[in-house]
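Rule-based calculations on the coordinates, nothing more; no lab input. Only a predicted model underlies this, so the values are computations on that prediction, with no experimental measurement involved. Note that we place each Cβ from the backbone using ideal geometry, even for glycine, and neighbour counts take in every protein chain shown.
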Amino acid sequence: MWKEHKICLYSFYGHSNDSLIVIIDDIYMFLGDTVLNIPTITRFSGGSTDEFKEHDIPKLKELNVEIVYPGHGVPGVLDTMLSGNMI
């Protein structure tokens, strides 16, 4: 808790092996470059497309949030952003 807001930090693997996701009040998700409106780039040190698809995408789908703020581009809905990664 911080100033009456619930703040959760999650470690994710795909973009690199040290990506972080922040969720505030179970409503707002800040993804950085973990998920954009394009397929996630996983070529950085420690990144893995297979790991991202097999582990991160299912974990992300479990997080019920209303709006997602990617590191680049416009805010959106998580399912829409994830659909770009389902190759």
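Annotations
- Long-range amide H partners of residue 32 with built H, under 5 Å: 71
- Spacing of the two label points (7 Å from each Cα toward its C-beta) at residue 59 and residue 25, in nm: 2.6
- In terms of packing, defined here as the mean over residues of other Cβ atoms within 10 angstrom, the peptides 26-35, 59-68, 2-11 line up highest first as 26-35, 59-68, 2-11.
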